[in-house]
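Next up is a structure, given as structure tokens.
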Amino acid sequence: MPISLAARNVSHRFGNVVALDGVSIDVPAGRAVALVGESGSGKTTLLRCFNRLVEPEGGEVKVGDRDVRTQPAVQLRRGIGYVQQHGGLLPHWRVLRNVALVPVLQGMSDPLGAARQALELVGLPSGDFGSRFPHELSGGQRQRVALARSIAARPGLVLLDEPFGALDAISRGELHESFDGLRRSLSVTTLLVTHDLAEAARLADDIVVMKKGRIEQMGAMRTLITAPATEYVAQLIARARAGLEALQA
Amino acid sequence: MRRVLLLISWLLAASETMGAQSTAVASSRDNRPIVVASKPFGESYLLCEMFAQVLESRGFKVVRRPGLGATEIAFGAIRTDAIDVYPEYTGTGLVAILHDSLADSVAADPRAVFAYVARQSAQLYHVRWLPPLGFQNTYAIAVTQKTAAQHHLRTLTDLARESPHLIAGFTADFIGRSDGLVGLTRVYGIRPREVRPLAPAVKYQALAAGAVDVIDGYSTDGLLAKYDLVTLIDDRHFFPPYEASALVSRRLDQTMPAASAALTLLSDRLDEQTMRNLNRRVEVDGEDVARVARDELVVLGIVGVFRVTPNTSRGAQSGFLAYMWDRRANIVALTARHLELVGLALIAAVIVALPLGLALERTRRIAEPTIGGLGVLQTIPSIALLAFMIPLLGVGFAPALVALWLYALYPIARGTYTGVRDADPDAVSAAEALGTTPTQRLIWVRLPLAAPVIMSGIRTAAVITVGAATLAAFIGAGGLGEPIVAGLALADTRMILSGALPAALLALAVDGLLGLVERMVAPAHRRGTFWRRPATTRSS
């Protein structure tokens, strides 16, 4: 079952640096939302509030209809898929064991079965890949394994922090494709952090543009193009478009 | 930390007591063996052996602890009843122990000095000087015939005049003592161009080889005659009399007065000529200390001839390998003792430092200061650390074990902390984000990934400990340092090597063995890559 997300007036500082400055967003169950912005815009901090890797100083964060603080962080995290930029696979565990991590933590009856299924879903047959170590895979394959690990226990929500940022263009394109298929077939709520507007447009239903801890604009890609709310959003789109036109010329 | 220290010292005390009980077979006079010790130079070894044989001939059980560090360690040990008797000199007692000086008129009279030192020592430290053995062994500042001729040296006043042109090779003890270089500089104005600290055993060779121009010796040294050296006259009577005497602990004197009485059989029986001869047999001719001691005791009529020992003189004709072979049982026993010291110290260090390193990873604010504090322990010279231990733990196995344990803590704590802290941060953060508990992360991720670093810390500690354990001989803990210390004292290179060589091999073996263990504990993805670097785990 997909889960809805909400943040109300969330603020956070790291020392003297304002990371989030009164941010509010709503993500309906089953939607895919991309948080876009440059480094330091607060997008990753906002993402990490939802699985309590960051405990914001002010405001309210909800997963489902519950405030995240009402359940233990460990319990909360086991119900949320998570993928980070460098995959974060445990290097000394074989692929199958890596993918079975959350099913094991949740005490599922057949964690290895769940892991095999997840591997199939991301296009890595467990017979070929299950017994390899992460360093025996390509970068793209490792991110697929990380993706499989995030969905193996069938969470209602997946958080992705620049999951494809370290990949070459071709692997990235392939992964976009399989991820898009995956999230539709599993009907899971996804929150994606990326600095790449094109990637956001490709994978997300709605886009949230952030700058210096505030939300500049949020809406569908088309709205951002036709009616940019701020100068910054207009610039962002113009730059993405210029890149595209350089290719066409 | 303090609780652990207490626990360990308690365990040591318990094991020591058990050991003592098992070895102390009831003897006709007393259950307790008498601990006879010496300082680390030839004459002290010889006198120690003579004391031991006199006591044995009168039915006492004896434990020999020769070669204790230097004056501070030997005197510290007798003050605290850790040993029962060792040979000491009145001048040393006056200056290095009582830190005292006497009016010139008194200082020139050996009997007056003895009376004063004996009275003060009894009052302040409750130790007893038995009546002197009959000879003096004063400092002898010596130069070669050639240097003496070249610089016109006859007295210490002459030496003061020429000292800016000369290089001195003095023992560390002499350099620091107020009746040594400090006083010579004050009284005579002797300021050598350079002062090199030299071990007693090598200073004669250094002088003969021309590496230094002037050395401190003892007037009864056998080597003074061998190298035909010139002893400079103390024309201002700076050195006090150094009458040799048996220094006896209060405990021995009170609980076993018969033992003290037996030792006085040697009083006034050894003159300077005799001692110079005996020292020469040990230091120059390389005769066995026990045999030389026995011969003299027979001559003196103190012990009877009831056992003819073969002459074990280490003549030049028998090769080094034959020498080692002859001593194989002894070397094996010393190696076993060495391993026992190293093994126990290392296990105790792992038990404390590994959990400490893990705990510090959770409390990183205090991690660096704590580990830095352990690092400071490393900078304390071994001898100093061993000397500190004597009032707490006496001499022998226990203080050596505690000192080695202290030295082993740092590399293990450092390796554990660093290894766990730096374990693949991506893997650790992903495991956290997916809902593992801190304990699960430690056991599943951090420890397996840190294992090789932790193991290499243990390996470093092991090799350091094998080396440092040779110094444990200075406080009578045995091990392979024993022949090294004795060989240095007796100027016997083969004896030094019979300890140093096995110690070096042991260090290599321990390093190699733990290197294998290090590979075995490598995380799964790195195993089987014995001959090449493991593949990198990340493409970026």
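Kirkwood Rh over Cα pairs of region B:139-231 into Stokes-Einstein at 25 °C, 0.890 mPa s: D in µm²/s?
191 µm²/s
Given +1 on the Cβ of Lys and Arg, -1 on the Cβ of Asp and Glu, and no further charges, what dipole in debye does chain B carry about its Cα centre, rounded to the nearest 20? Show your work: numbers first, answer last.
Numbers: 52 positive and 46 negative charges, 368 e Å.
Magnitude of the dipole: close to 1760 debye.
Still on this model: Taking R0 as 60 Å, what FRET efficiency do you get between A:Ser24 and B:Ala504 from their Cβ-Cβ distance, rounded to the nearest 0.05?
Working from the Cβ atoms, E equals 0.25.
Would you calculate the convex hull of the Cα atoms in region A:116-249 and tell me its volume per residue in Å³? Show your work: numbers first, answer last.
Values: hull volume 17.5 nm³, N = 134.
Convex hull volume per residue, Cα atoms: 130 Å³.
Name the residues whose placed amide hydrogens come within less than 5 Å of the amide hydrogen of B:Val63, ignoring near sequence neighbours (fewer than 5 apart) on the same chain.
Here the answer is B:Ile34, B:Val35, B:Val36, since their amide H atoms fall under 5 Å of that of B:Val63.
Does region B:111-192 come out rounded, prolate or oblate by the C-alpha gyration tensor, with a ≥ b ≥ c the root eigenvalues, rounded set by a/c under 1.5 and, if not, prolate when a/b is larger than b/c and oblate if not?
Since a/c reaches 1.5 and a/b is larger than b/c, the shape of region B:111-192 is classed as prolate.
Determine the calculated [θ] at 222 nm for chain B from helices alone, applying -39500 (n - 2.57) to every DSSP H run no shorter than 4 residues and normalising by the residue count; nearest 500 deg cm²/dmol.
Details: 24 runs with 305 residues, N = 540.
Estimated from H runs of four or more residues: -18000 deg cm²/dmol.
Put a dot 7 Å past each Cα toward the Cβ at B:Ile167 and B:Met520; how far apart are the dots in nm?
In this crude label model, B:Met520 to B:Ile167 measures out at 5.0 nm.
So, with +1 on the Cβ of K and R and -1 on the Cβ of D and E, and no other charges, what is the size of the charge dipole of region B:139-231 about its Cα centre, to the nearest 20 debye?
160 debye
Per DSSP helix of 4 or more residues, -39500 (n - 2.57); summed, then divided by the residues of chain A. What does that give at 222 nm, rounded to the nearest 500?
The per-residue figure over chain A is -11500 deg cm²/dmol.
List the equivalent ellipsoid semi-axes of region B:315-398 in whole Å, largest first, each obtained as the square root of 5λ for an eigenvalue λ of the Cα gyration tensor. Write down the numbers at each step before the final one.
On the way: eigenvalues 305, 53, 34 Å².
Here the semi-axes work out to 39, 16, 13 Å.
Taking the alpha-carbon distance from B:Lys61 and a cut-off under 17 Å, which aspartates and glutamates remain once sequence neighbours fewer than 8 residues away in the same chain are dropped?
Correct list for B:Lys61: B:Asp30, B:Glu49, B:Asp81, B:Asp84, B:Asp253.
Sticking with this one: What's the FRET efficiency of A:Ser131 with A:Gln248 using the Cβ-Cβ distance as r and R₀ = 45 Å, to the nearest 0.05?
Given R0 = 45 Å and the Cβ-Cβ separation, E is 0.50.
For a bin width of 5 Å, list the pair-distance distribution of region A:85-155 built from all Cα-Cα distances, rounded to whole %.
Percent of pairs per bin, in order: 4, 21, 34, 26, 12, 3, 0.
Give me Rg over Rh for region B:329-526, both radii from the alpha carbons and Rh done the Kirkwood way, two decimal places.
Looking at region B:329-526, the ratio lands at 1.07.
At each listed q (0.06, 0.11 Å⁻¹), what is the log10 of I(q)/I(0) that the Debye formula gives for the protein assembly as shown modelled as equal alpha-carbon point scatterers?
Scattering profile of the protein assembly as shown, log10 relative to I(0): -0.60, -1.14.
I would also like to ask the following. Return the average number of partner chain Cβ atoms within 10 angstrom of each residue Cβ along peptide B:432-445.
Per residue, the number of nearby Cβ atoms from other chains is 6 on average.
Would you kindly state the longest site-free stretch of chain B, with sites defined as chymotrypsin sites (Phe, Trp or Tyr not before Pro) in a DSSP loop (not H, G, I, E, B) surrounded by at most 13 other Cβ atoms within 10 Å?
In short, B:1-305.
If you don't mind, another one. Taking the simple approach of a point 7 Å from Cα along Cα-to-Cβ for both B:Arg154 and B:Leu98, what is their distance in nm?
Roughly 3.5 nm, to one decimal.
List the extent of the Cα atoms of chain A along each of their three principal axes, largest first, rounded to whole Å.
52, 52, 33 Å, listed from the longest principal axis down.
Longest span of chain B, sites excluded, free of trypsin sites (Lys or Arg not before Pro) in DSSP loop with at most 10 other C-beta atoms within 10 Å? Write down the numbers at each step before the final one.
Working: sites that count: B:Arg307, B:Arg532.
The longest such stretch corresponds to B:1-306.
Going by amide H atoms built from the backbone, whose H comes under 5 Å of the H on B:Gly217, apart from near neighbours?
B:Ala140, B:Ile141, B:Ala142
In region A:56-147, what GluC sites (Glu not before Pro) fall in a loop by DSSP, with at most 12 other Cβ atoms inside 10 Å?
For GluC sites (Glu not before Pro) across region A:56-147 that sit outside H, G, I, E and B with at most 12 neighbouring Cβ atoms in 10 Å, the list reads A:Glu57.
Still on this model: Where in region A:26-53 does the label zone of A:Thr230 land, with the point 7 angstrom along Cα→C-beta and an amide N cut-off under 13 Å?
A:36-38, A:41-43
So what's chain B giving for Cα Rg divided by 2.2 N^0.38 Å, two decimals?
Cα Rg divided by the expected 2.2 N^0.38 Å: 1.13.
A follow-up question, please. Given the pairs B:Lys146/B:Lys203; B:Lys39/B:Lys203; A:Lys43/A:Lys211; A:Lys62/A:Lys212, which are separated by over 19 angstrom at their Cα positions?
Exceeds cut-off: A:Lys62/A:Lys212.
So how far apart, in nm, are the two label points at A:His176 and A:Arg66 if each is 7 Å from Cα heading toward Cβ?
So the two model labels end up 3.7 nm from each other.
Could you tell me how many degrees, from 0 to 90 and to the nearest 10, lie between the Cα long axis of helix B:493-520 and the main elongation axis, the longest principal axis, of the Cα atoms of chain B?
That works out to roughly 10 degrees.
Values in this text are rule-based calculations from the coordinates and carry no lab data. From a predicted model like this one, the values you see are computed outputs, not experimental measurements. When we count neighbours, we look across all protein chains shown, and the Cβ atoms used for this are built from the backbone with ideal geometry, even at glycine.
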